[in-house]
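Rule-based calculations on the coordinates, nothing more; no lab input. None of the values given here were measured: they were computed from a predicted structure. When we count neighbours, we look across all protein chains shown, and the Cβ atoms used for this are built from the backbone with ideal geometry, even at glycine.
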Amino acid sequence: MKPKSQIVNLPVYQPGKPIEEVKRELGLEQVIKLASNENPYGSSPAVLEAITKELAHVSLYPDGSAVELTGVLAKHLGVERNNIIFGCGSDEIIALITRAFFLPGDETIMADQTFSVYKSNADIEGAVTIEVPLQDGTHDLSSMLAKINDKTKVVWVCNPNNPTGTIISEQELVSFMDRVPAHVMVVLDEAYYEFVTDADYPQSISMLDRYPNLVILRTFSKIYGLASLRIGYGIARPEVIDLINRVREPFNTSRFGQVAATAALLDQPFVQECAKQNASERDFLQSEFARLGLPFFASQGNFIMVDLDMPSKDAFQSLLKQGIIVRPGFQVYPTYIRVSVGRPEQNRAFVTALENTLAEKATTSH
Ligand SMILES: *Cc1c(COP(=O)(O)O)cnc(C)c1O
């Protein structure tokens, strides 16, 4: 057998540790997972009801074009139905874009560090990834612009950026889009859109009129609390949606994903409450980091990158032993961990554990 040469040495994605596995391995009763930016409040109660009703249709294929959900989402966003494409998570939209656009040797530009799925999909297609260092944890759009050439197909802008949580403003985005040549697609990943509280955050959908090369990604996995059901979406001009649609599998989202997303969308008070809780708990964690003298990136998402001034794997192990799972291992930031913003009691338990970890570090380094 002879696989595509570019996939042979691809790393296998390392997900956050599942709670059950950690409990078993360490014999812990209670484990708090703050590693995957999931919604700590679950999902809207309307979701459970919608899924329960849908159980009767488990033997039937889903609606491949998700007609009902598309209508509800189009109305919610103020766009037309043909501006929307659904994926098995927005991860799949990323894969579909690379599948539809990249030939081996094409170039693609992204931040270093950002969401790893862009690069892994580009690698699979044999495209060359140009990584542009973040500046103070933020996309350096002018340096990214300077890397564009005739071979560039896609520039990825993760806003807020995962893992740093920083945003670029509307003004910065507009000035960037004005300079990006028409042959280059800009993918604006807004997985954490609903958590943003900064008034300078771009109103990206209204920019689609001006920029035919813009694609916006959002998801039901984060604030809507549907990570397990795998449903996300892309928003773009109809002609771009049409191209991406050509490489989509006919039944790429499930019945459960579709009905759950519809119910979740219709319960905006739940979303608003989660966003409000997240903002105040994000403030709490950031003020605790400041109290402990720990540098961090000011976050607009539901996670924070904080510098513990020790190898992040050691911090991870120390917190894990205390029943807290966080995310270590970001290459560019070897002493930082990313922690998701949890419920109030989870965040307080995390801070207590963190203080133990820091005290442990202080004694072992003497
Ligand atoms: C979580 C996340 C996604 C998408 O997740 P799906 O579950 O596949 O919808 C996309 N981009 C970023 C930056 C994320 O953090």
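Test N149 against the stated conditions and say whether it is polar (S, T, N, Q) and more than 16 Å from the ligand (Cβ to nearest atom).
Values: polar (S, T, N, Q): yes; more than 16 Å from the ligand (Cβ to nearest atom): yes.
When the stated conditions are applied, N149 passes them.
R237: more than 24 Å from E49 (Cβ to Cβ), touching a residue at least 12 places away in the same chain (Cβ under 8 Å), away from the ligand (no atom under 15 Å from the Cβ) and in contact with a Leu (Cβ under 9 Å, 6 or more places away or on another chain), yes or no? Break it down into steps so the answer makes sense when it comes.
Details: more than 24 Å from E49 (Cβ to Cβ): yes; touching a residue at least 12 places away in the same chain (Cβ under 8 Å): yes; away from the ligand (no atom under 15 Å from the Cβ): yes; in contact with a Leu (Cβ under 9 Å, 6 or more places away or on another chain): yes.
Yes.
When only residues in the stretch 180-222 that are among the charged types (D, E, K, R) and within 16 Å of the ligand (Cβ to nearest atom) count, which is nearest to T108 (Cα to Cα)? Working first, answer last.
Within the stretch 180-222, the subset among the charged types (D, E, K, R) is 189-190, 194, 198, 200, 209-210, 218, 222.
Imposing the further condition that a residue be within 16 Å of the ligand (Cβ to nearest atom) reduces the set to 189-190, 194, 218, 222.
Values: D189: 15, E190: 19, E194: 27, R218: 20, K222: 26 Å.
By that ranking, first place goes to D189.
Among the residues of the stretch 208-245, which ones are under 21 Å from Y118 (Cβ atoms) and of a type in the set (S, T, Y)?
Of everything in the stretch 208-245, those that are under 21 Å from Y118 (Cβ atoms) and of a type in the set (S, T, Y) turn out to be Y211, T219, S221, Y233.
Looking only at the stretch 170-182, decide whether some residue is buried (at least 16 other Cβ atoms within 10 Å of the Cβ), under 23 Å from Y333 (Cα atoms) and not hydroxyl-bearing (S, T, Y). Lay out the reasoning, then the answer.
To start, the set of residues in the stretch 170-182 that are buried (at least 16 other Cβ atoms within 10 Å of the Cβ) comprises 170, 172-173, 176-177, 180.
Filter again for under 23 Å from Y333 (Cα atoms), leaving none.
Looking for residues that are buried (at least 16 other Cβ atoms within 10 Å of the Cβ), under 23 Å from Y333 (Cα atoms) and not hydroxyl-bearing (S, T, Y), one finds none in the stretch 170-182, hence no.
Being touching a helix residue (DSSP H, G or I) at 6+ places or on another chain (Cβ under 7 Å) and among the acidic types (D, E) narrows it down to one of E281, E355, E273, E345, so name that one.
Details: E355 fails: touching a helix residue (DSSP H, G or I) at 6+ places or on another chain (Cβ under 7 Å); E273 fails: touching a helix residue (DSSP H, G or I) at 6+ places or on another chain (Cβ under 7 Å); E345 fails: touching a helix residue (DSSP H, G or I) at 6+ places or on another chain (Cβ under 7 Å).
Every option except E281 fails the conditions.
Only one of (1) touching a Leu at 6+ places or on another chain (Cβ under 8 Å); (2) among the hydrophobic types (A, V, I, L, M, F, W, C); (3) in contact (Cβ under 8 Å) with a residue 40 or more places away in the chain; (4) under 30 Å from T219 (Cα atoms) is not met by F297, so which one is it?
The single condition F297 does not satisfy is (1).
Looking at this structure, is S228 within 16 Å of the ligand (Cβ to nearest atom), part of a helix (DSSP H, G or I) and under 23 Å from H76 (Cβ atoms)? Please lay out each step first, then the result.
Numbers: within 16 Å of the ligand (Cβ to nearest atom): yes; part of a helix (DSSP H, G or I): yes; under 23 Å from H76 (Cβ atoms): yes.
For S228, the condition - within 16 Å of the ligand (Cβ to nearest atom), part of a helix (DSSP H, G or I) and under 23 Å from H76 (Cβ atoms) - is met.
Evaluate the following for E92: is it over 24 Å from Y13 (Cβ atoms) and either touching a residue at least 24 places away in the same chain (Cβ under 8 Å) or out of contact with any Asp or Glu (no Cβ under 9 Å at 6 or more places or on another chain) (or both)? Working first, answer last.
Details: over 24 Å from Y13 (Cβ atoms): no; either touching a residue at least 24 places away in the same chain (Cβ under 8 Å) or out of contact with any Asp or Glu (no Cβ under 9 Å at 6 or more places or on another chain) (or both): yes.
The answer is no for E92.
Cβ-Cβ under 9 Å, sequence separation 6+ or interchain: first residue in the stretch 102-128 and closer than 24 Å to T138 by Cα and within 12 Å of the ligand (Cβ to nearest atom), partner of a type in the set (F, W, Y) and assigned to a loop (DSSP other than H, G, I, E, B). Which pairs?
Q113/F330; Q113/Y333; S116/Y13; V117/Y13; N121/F102
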